[in-house]
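Notes follow once the structure below has been shown.
The values are calculated or read from the model by the stated rules, or taken from the named source; none is laboratory data. Source: prediction; values computed, not measured. Here the Cβ is made from the backbone with ideal geometry for all residues, glycine too, and neighbour counts use every protein chain on show. Surface areas here come from the heavy atoms of the whole protein model, side chains and all, with no ligands, DNA or RNA. Shrake-Rupley method; radii C 1.70, N 1.55, O 1.52, S 1.80 Å.
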Amino acid sequence: MTNVPIEGILLPDEKHNHESPSNWKEYFSFSTDHKVIGIQYLVTSFFFFLVGGIFAMVMRGELMTPESDLVDRTVYNGMFTMHGTVMLFLWTFPSLVGFANYLVPLMIGARDMAFPRLNAVAFWMVPVVGILMMGSFFVPGGPAQAGWWSYPPVSLQNPTGNLINGQVLWLLAVAISGVSSIMGAVNFVTTIVKMRAPGMGFFKMPLFVWAVFSAQIIQLFGLPALTAGAVMLLLDLTAGTAFFDPAKGGNPVMFQHYFWFYSHPAVYVIILPVFGIFSEIFPVYSRKPLFGYKVVAVSSMLIAVVSGIVWVHHMYVSGTPGWMRLIFMMTTMFVSVPTGIKVFAWVATIWGGKMRLNTPMLFALGALVMFVFAGITGIMLSSVPVDVHVNNTYFVVGHFHYVLYGTVTMGLFAAIYHWFPKMTGRMYSESWGKIHFWLAFIGTNLNFLPMHPLGLQGMLRRVASYAPEYQFWNIIASLGGFLLGMSTLPFIFNMVISWMQGEKAPANPWRAIGLEWLVSSPPPVENFEETPIIISEPYGYGKSERLTANLPE
Amino acid sequence: MKIQKILNILTLLTGAIAVTSLSLWIGKQSYSWLPPQAAAESLLIDDLISFLVTLGAFIFLGVTSTLMYSVIFHRAVKDDFTDGPPIEGNITLEVVWTAIPILLVLWIAGYSYQVYEQMGIQGPSEIVHLHNPLGMESAYAEPKDAPANALAEPVEKIDVLAKQWAWVFHYPERDITSTELHLPSDRRIRLALKSQDVLHGFYIPAFRLKQDIIPNHAIDFEFTPIRPGKYRLTDSQYSGTYFATMQANVVVESPEDYQQWLAQAATQKPSIANNQAASEYAQTSHQSVQTGWVTVPPAAPPLVNSPG
């Protein structure tokens, strides 16, 4: 069918058949269907999650003993650099973009994204980034070894003397990933602003859409800085310019400004959609409307705004004058206000509800508890005097792994289980899901909690060897890390078996309220036969209102 | 009905008292999670950490016990698929819990600012050519808990040179070089931090102090050691292949012992210091099978009067 213009945006006039993808090939070929692209993002990023996890295992193996004895120091340095890079640029970012791709058009009643071909191009840049990153293992000198920050001058040291080296490939990959994300951001912002179904005012949008909207606005103002910094570093490395090279009069601290101006807000780009996932999941499994919907929606935008003025807290001890340290301490701490509002709203949503502890709810609750912990250590880190002590120690590593594994990755698993029936048309196995949850929850805490005492005692991050007094907590952390690695096996098993031969899923297995649950599982191409007309607010649990004026419910 | 309400209030009160006392206890424990307090600044920072741990424990226990209570008592009965009460919001409650974090943030920031000002650790100011608008002049004053004579006779400014991968300490008055940092206790120490190649970080966990060292920048750093003993100085800013080996001993001793060490070191002829990075590099480059990737060769080990 030909598409109708919606609020001034023309959809591509392409022939689609009305069936959802029926075989594997469609998921591995060029498609402009936002749902296929969403699943392409998810599967690709999960592959790299496993790659990044293997790097982590090697590191935890090395850290079992104080000496540097499992792998060579250069190999260890390459491992932590690639672990950080892969987990951020090839796991958390693309997997959340995958969810946003799949869900946003469905949730706002649109037939596709505003620019479907741009969407597909943005996705296909992700495998290119992955190939460049993995290819760096096979060039002289091996992969980048300067950490995921790649601070100059270390990142400018090129012991092989070759032009093609791991650091060059790394910078190219990061720059391409930046371009891909900017394309995605333009697409998401346009889609959300222009393509909402009639009747869906901003304050009738699901909170996941609000969260994606805020996160993608951060991408628009932040990513150009990172991409510019990466390109300048690339020129320093290959063309002999002197932006950041102190030996030629450049300023290495400038790179830190370029880098963190984006890379701290990047954490909010990752975590805001996870907050959105929490806001979708808690009402369904508590059977209550989301408490304080409007405040929660606005708090996402507030986080996006404040995120633009927090980056210097990564640089308290890197030659930042006192007055600047104090201003950024205030702005950083202020992030806890909108975040605190969200946490209170989720707790109030759960309070007095009729809760069901299905796998998605277990993952969301576990992630919420670990997020509260991460928030508290985050406040400690924002305080300049405390940061002076624990900066660059395992305390920081523990804190952000509670954010990135405890909250983001666990939140992603919650989302995968919750929307699995919608995406595949099959139900997953609840008992395997629960085994996965408990292994992951125990593994996460065993792995990352010991990092806090280690950091307080002064153990530095990025070290291949350490003083013997740190060994006890390192062994616990490594065992936790191996358990965490194991915990993905029941997940993979569950997903593969259920996708192939799980029970057929109905359109709305959780009796959830939301447009995506009004279409079949999996949804047809172009989602809606008839554009829905929205007549009530989201999360109307217990109110028995109709969500749309025209779709059968 | 009335008895139910009284019971609820009693449960809430008991919970609040339990959470508060547990948080206070955890806050007290936090001192034992930290290294010995070897500098005046560490006293201030540890008090701040304990305060934040207490507050954090209160929030964490408060939120998780509320969640646990819901998980246990607000579960759906099997086969009950009806919805919960459709409560959407409560303006008073929302205003209160927006105000609470704002007040907490102001409290924490105020306290942190006070501690930071008392530390007066200095650092570079030439990167941004602006005068301190926030009254950081007092940063030059001694820390509150420092011994009274700490500023009476400040120590000469000791030069600290960081390179891949060694620390070199130079005492200009007697022209002594050492790979071990000797410091008199109860004196205000002044360091001039310099880097020869990449970013390094000056970090002594027992002092709770850290400062990045940037090539082409002279960075002043001040603090007051108060507890004689031997501590470790580490490089806190990732500096390449042998980053983890870049450590040195810090010896805090009485001013008399310190003078004696200076005098003794001055009589010694300079010799080549031991250097772990250099010896590991020599070892791996002689291996017949290379197990790693090429690396930047370490700088030559320093010539020192006192190899430590």
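For segment A:393-411, what are the residues that are more than 16 Å from A:Leu484 (Cβ to Cβ) and open to solvent by 10 Å² or more (accessible area, probe 1.4 Å)?
Answer for segment A:393-411, where residues must be more than 16 Å from A:Leu484 (Cβ to Cβ) and open to solvent by 10 Å² or more (accessible area, probe 1.4 Å): A:Tyr394, A:Val396, A:His399.
Against the definition (closer than 27 Å to B:Pro228 by Cβ and open to solvent by 40 Å² or more (accessible area, probe 1.4 Å)), how does B:Gln259 come out, yes or no? Spell out the reasoning first.
Details: closer than 27 Å to B:Pro228 by Cβ: yes; open to solvent by 40 Å² or more (accessible area, probe 1.4 Å): yes.
For B:Gln259, the condition - closer than 27 Å to B:Pro228 by Cβ and open to solvent by 40 Å² or more (accessible area, probe 1.4 Å) - is met.
Of B:Gly56, B:Gly62, which residue is farther than 30 Å from B:Pro228 by Cα, at the interface with chain A (Cβ under 7 Å from one of its Cβ atoms) and surrounded by 15 or more Cβ atoms within 10 Å (Cβ to Cβ)?
After ruling out the rest, the residue left standing is B:Gly56.
Quick one: which strands (runs of 3 or more DSSP E) sit completely within segment B:182-289 and have at least 3 residues that are more than 28 Å from A:Pro246 (Cα to Cα) and not aliphatic (A, V, I, L, M)?
Those strands (runs of 3 or more DSSP E) span B:229-235.
Looking at segment A:508-521, which of its residues are at negative phi and either surrounded by fewer than 17 Cβ atoms within 10 Å (Cβ to Cβ) or touching a helix residue (DSSP H, G or I) at 6+ places or on another chain (Cβ under 6 Å) (or both)?
A:Asn508, A:Pro509, A:Trp510, A:Ala512, A:Leu515, A:Glu516, A:Ser520, A:Ser521
Looking at B:Gln247, B:Gln276, can you tell me which residue is farther than 20 Å from A:Thr81 by Cβ and open to solvent by 70 Å² or more (accessible area, probe 1.4 Å)?
Going through B:Gln247, B:Gln276 in turn, just one is farther than 20 Å from A:Thr81 by Cβ and open to solvent by 70 Å² or more (accessible area, probe 1.4 Å): B:Gln276.
Looking at the structure I just gave you, is B:Ile72 within 27 Å of B:Ile226 (Cβ to Cβ) and more than 9 Å from chain A (Cβ to nearest Cβ)?
Working: within 27 Å of B:Ile226 (Cβ to Cβ): no; more than 9 Å from chain A (Cβ to nearest Cβ): yes.
When the stated conditions are applied, B:Ile72 does not pass them.
Consider segment B:226-262. How many of its residues are in contact with a Lys or Arg (Cβ under 8 Å, 6 or more places away or on another chain) and more than 10 Å from every other protein chain (Cβ to nearest Cβ)?
The total comes to 7.
Please verify whether segment A:100-121 includes one or more residues that are in contact with a strand residue (DSSP E or B) (Cβ under 8 Å, 6 or more places away or on another chain) and part of a helix (DSSP H, G or I).
no
If B:Asp80 satisfies every condition in (1) within 9 Å of chain A (Cβ to nearest Cβ); (2) crowded, with 17+ Cβ neighbours inside 10 Å; (3) not β-branched (Val, Ile, Thr) but one, which is the exception?
Evaluating B:Asp80 over (1) within 9 Å of chain A (Cβ to nearest Cβ); (2) crowded, with 17+ Cβ neighbours inside 10 Å; (3) not β-branched (Val, Ile, Thr) leaves (2) as the failure.
When you scan segment A:521-543, do you find a residue that is part of a helix (DSSP H, G or I) and more than 27 Å from the chain's Cα centre (by Cα), even just one?
Applying the first criterion (part of a helix (DSSP H, G or I)) to segment A:521-543 yields none.
No; the residues of segment A:521-543 include none that is part of a helix (DSSP H, G or I) and more than 27 Å from the chain's Cα centre (by Cα).
For segment A:437-485, how many residues meet the condition of being farther than 17 Å from A:Glu62 by Cα and either crowded, with 23+ Cβ neighbours inside 10 Å or touching a residue at least 60 places away in the same chain (Cβ under 8 Å) (or both)?
9
Out of B:Thr224, B:Thr295, B:Thr234, which single residue is within 26 Å of A:Pro453 (Cα to Cα) and touching a helix residue (DSSP H, G or I) at 6+ places or on another chain (Cβ under 6 Å)?
B:Thr224
Which of the residues that make up segment A:268-326 are of a type in the set (Ser, Thr, Tyr) and touching a Ser or Thr at 6+ places or on another chain (Cβ under 8 Å)?
Start the filter on segment A:268-326 by keeping residues that are of a type in the set (Ser, Thr, Tyr), which leaves A:268, A:279, A:285-286, A:293, A:299-300, A:307, A:316, A:318, A:320.
Residues satisfying the conditions are A:Tyr268, A:Ser286, A:Ser299, A:Ser300.
I need a count of the residues in segment A:149-159 that are open to solvent by less than 40 Å² (accessible area, probe 1.4 Å) and either more than 7 Å from chain B (Cβ to nearest Cβ) or without any contact (Cβ under 8 Å) to a residue 40 or more places away in the chain (or both).
Total satisfying the criteria: 6.
List, please: which pairs have Cβ atoms under 8 Å, are six or more places apart or on different chains, and start with a residue in segment B:273-300 that is under 18 Å from A:Val139 (Cα atoms) and end with one that is among the charged types (D, E, K, R)?
From residues that are under 18 Å from A:Val139 (Cα atoms), the pairs are B:Thr291/A:Asp72; B:Gly292/A:Asp72; B:Gly292/A:Arg73; B:Trp293/A:Asp72; B:Thr295/A:Arg73.
Residues being more than 7 Å from chain B (Cβ to nearest Cβ) and surrounded by 23 or more Cβ atoms within 10 Å (Cβ to Cβ): count how many of those fall in segment A:349-361.
Residues flagged as more than 7 Å from chain B (Cβ to nearest Cβ) and surrounded by 23 or more Cβ atoms within 10 Å (Cβ to Cβ) within segment A:349-361 amount to 4.
Regarding B:Trp293, is this residue buried (at least 16 other Cβ atoms within 10 Å of the Cβ), more than 12 Å from chain A (Cβ to nearest Cβ) and modelled with pLDDT of 90 or more?
Here the answer is no, as B:Trp293 does not meet what is asked.
Could you tell me whether segment A:486-494 includes any residue that is under 12 Å from A:Tyr428 (Cα atoms), open to solvent by 70 Å² or more (accessible area, probe 1.4 Å) and in contact (Cβ under 8 Å) with a residue 24 or more places away in the chain?
Taking segment A:486-494 and keeping what is under 12 Å from A:Tyr428 (Cα atoms), we get A:490-494.
Going one step further and asking which of them are open to solvent by 70 Å² or more (accessible area, probe 1.4 Å), we end up with A:493.
Among the residues that remain, those that are also in contact (Cβ under 8 Å) with a residue 24 or more places away in the chain are: A:493.
Yes - at least one qualifying residue is present in segment A:486-494.
Give segment B:182-200 a look and list any residue that's crowded, with 21+ Cβ neighbours inside 10 Å and either closer than 30 Å to A:Leu156 by Cα or within 14 Å of chain A (Cβ to nearest Cβ) (or both), or say none.
B:Leu191, B:Leu193, B:Ser195, B:Val198, B:Leu199, B:His200 - these are the residues of segment B:182-200 that are crowded, with 21+ Cβ neighbours inside 10 Å and either closer than 30 Å to A:Leu156 by Cα or within 14 Å of chain A (Cβ to nearest Cβ) (or both).
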